Amino acid sequence: MIRPQPKIAALEPYVLADFSAPAGMHPISLAQNESIRGPCPAALEAASRTLAGSALYPDPDWTELRAAIATVQGVEPASILCGAGSMELIGALAHAYLGPDDRALTTAHGYLYFRTAARLAGAGIDLAPERELTVDIDALLAAVGPATRVVFVADPGNPSGTALAPGALVRLRDGLPDDVLLVIDQAYGEFRHASEHAFALVDRGDTVVLRTFSKAYGLAGMRVGWGLFPPAMATQVRKVLNPNNVTGPAQAAAAAAMQDQPYMRETVALTAARRDRFSAHARALGLEVPESRTNFVLLRFRSAETARAADAALRARGVVMRGMGGYGLPECLRATIGSDGDMARAAEALAQTLQSENAS
Ligand SMILES: *Cc1c(COP(=O)(O)O)cnc(C)c1O
């Protein structure tokens, strides 16, 4: 019998969205936090131009992509690493900085892949409570133990959508021991006004900030993420990455997308307007909706049962949201902001669902 490593055998498969819907009905997906629209035209052109060169391996140094990121973000190209999505960078960080005697720390309802990555590295995981579905800096600091090696925080958070107050990340970093790595995942950083302040923390040598092209840039299918790393850490993490991790078309598309900031800003503004309308609608129906700084909203129902019934009723109407049981929030559903048509259908389905619930 061929036996896997015990840490792999003990791991549940990573769960993505469940798209089951009634037979014959084409469901609309509000389950994966994808962009409301595709990438900018220049990104599509750049990717197609690169396809003809597919006989060759891609640039292992992501030269043009790093140059585009560096110029637009005002950072050094040498401090940037690119990944096949920021998930690859999260995994590589865990691989490089966590082992069986170590523990990672994150928040109670935080992004699940942090936990998966820590477990894949054989490390233990601790969860600090949140406060009103927002990262609680004091609770995180109180949960740091002698074996804590890495702290993972998403700001803004997924699935809560909430953002930390300015200055909170500096307070977190100041309170952590120097030998604890802080990983700040800003997959939704573009949706938040002036979240670039976190970049300055990287200069301390003990902090990494991750970004992605999957959300605000509409390139989830291309798999491109990037991060700012202290130089000494970049050297180590690069050893763990697949040396040809980002395809040529993906590098070209991401570079062009980074250079078209007005298109990204417009995506963010359109998304935010729709998100705030949908949140207001959901609140008017009696749901609790934390203030989102992302391209999705968390809908909190009266109970786990109500949320489950709503999920089933929404599916019956062809609207697929994401159940949050895996995040310890079984009374919640997470809804990605989609097209105007999709949001109207979702809002109507939600209203009907809750009306029939209240009548019964
Ligand atoms: C979507 C998401 C990611 C993963 O993004 P990829 O770059 O597509 O791998 C990382 N972190 C958080 C919090 C996310 O929501």
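Cα-based Rg of the stretch 21-107 per 2.2 N^0.38 Å, rounded to two decimals?
In units of the 2.2 N^0.38 Å rule of thumb, it is 1.56.
With the whole protein complex present, Ser339 retains an accessible surface near 50 Å², based on a 1.4 Å probe. Debye-formula intensities of the stretch 193-248, expressed as log10 I(q)/I(0) at q = 0.15, 0.19 Å⁻¹, are -0.54, -0.81 (one equal scatterer per alpha-carbon, no solvent).
So, with a 1.4 angstrom probe, what is the percent of accessible area on the chain that is carbon and sulfur?
55 percent
Taking the square roots of five times each eigenvalue of the Cα gyration tensor of the stretch 53-156, the equivalent ellipsoid has semi-axes of 31, 17, 12 Å, listed largest first.
Ligands, DNA and RNA excluded, the heavy atoms of His95 present near 130 Å² of accessible surface to a 1.4 Å solvent probe. Summarising the overall dimensions of the chain from its C-alpha atoms, the Rg and Dmax are 20.6, 63 angstrom. If you run the Gaussian network model on the chain, springs between alpha carbon atoms under 10 Å, then out of Arg308, Arg204, Arg173 the most flexible one is Arg204. Just so you know, the Cα atoms of the stretch 290-337 work out to an Rg and Dmax of 10.3, 29 Å. With contacts taken as Cα pairs under 8 Å at a separation of at least 6 residues, the chain carries a relative contact order of 25 percent.
Of the residues Gly53, Gly225, Gly175, the one that moves most in a GNM of the chain with alpha-carbon contacts below 10 Å is Gly53. Here r is the Cβ-Cβ distance between Ala269 and Ile8 and R0 is 56 Å; the resulting FRET efficiency, rounded to 0.05, is 0.80.
Taking one quarter of the surface of the C-alpha convex hull of the stretch 233-347 gives a mean projected area of 10.4 nm². Counting only protein heavy atoms and a 1.4 Å probe, the chain has 44 square angstrom of accessible area per residue.
Here the label points at Ala55 and Gln261, each 7 Å from Cα along the C-beta direction, are separated by 4.0 nm in the simple model.
Within the listed set Arg171, Arg322, Arg275, the Gaussian network model of the chain (springs between alpha-carbon atoms below 10 Å) gives the highest mean-square fluctuation for Arg171. Divided by 2.2 N^0.38 Å, where N counts the residues, the Cα radius of gyration of the stretch 225-287 comes to 1.78.
Please compute the Kirkwood hydrodynamic radius over the stretch 82-238, one decimal place, Å, based on all pairs of different Cα atoms.
Radius from the Kirkwood sum: 15.3 Å.
The values are calculated or read from the model by the stated rules, or taken from the named source; none is laboratory data. These figures come from a predicted structure and were not determined experimentally. Glycine also receives a Cβ, built like all others from the backbone with ideal geometry; neighbour counts cover every protein chain displayed. Heavy atoms of the whole protein, side chains included, go into the accessibility calculation; ligands, DNA and RNA do not. Shrake-Rupley method; radii C 1.70, N 1.55, O 1.52, S 1.80 Å.
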